[in-house]
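Asker: Structure below; questions to follow.
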Amino acid sequence: MSQSESSVDEEVYACVGFCDPPIQELMHWMHLLPVGSVLAVDSCDASDAHDIPTWLEMARYEFVGASTEDEYTRYVARKTH
């Protein structure tokens, strides 16, 4: 995923208690970003391993991939329409 991460247009760290859940952050930013943009969402919630790729497929966006860091998993997606 290193090539994808180098071309990320927007990053959202959604691991802190006062922010929206990662899936809501993903939905929000995908709505705002222009077509072709690449979004990275960092999540500490294990359930997002299922929820994020499933929502991206349902919404017809491209799931670029995921990588696990020490504290979180980074999900990368491209807005395709």
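Asker: Going by amide H atoms built from the backbone, whose H comes under 5 Å of the H on V64, apart from near neighbours?
Answerer: Amide H neighbours of V64, under 5 Å, 5+ apart: V76, A77, R78.
Asker: Then there's this: Expressed as a rounded percentage, what relative contact order does the chain have, with Cα pairs under 8 Å and six or more residues apart? Before the final figure, lay out the partial values.
Answerer: On the way: 134 pairs, mean separation 27.8, N = 81.
Here the relative contact order equals 34 percent.
Asker: Mind listing which GluC sites (Glu not before Pro) in the stretch 36-81 are in a DSSP loop and have 12 or fewer other Cβ atoms within 10 Å?
Answerer: Details: sites: E57, E62, E69, E71; in loops: E69, E71.
Here the GluC sites (Glu not before Pro) that fit, given the DSSP loop and packing criteria, are E69, E71.
Asker: Could you tell me which label, among (i) 56; (ii) 60; (iii) 49, carries the value of percent of Cα pairs over 15 Å apart calculated for this structure?
Answerer: The value computed from this structure is option (iii).
Asker: Still on this structure: Placing unit charges on C-beta atoms (Lys and Arg positive, Asp and Glu negative, everything else neutral), compute the dipole magnitude of the chain about its Cα centre in debye, rounded to 20.
Answerer: 400
Every number in this text was worked out from the coordinates using simple rules, so none of it is lab data. Source: prediction; values computed, not measured. Don't worry about glycine lacking a Cβ; one is built from the backbone with ideal geometry, like all the others, and counts go over all protein chains shown.
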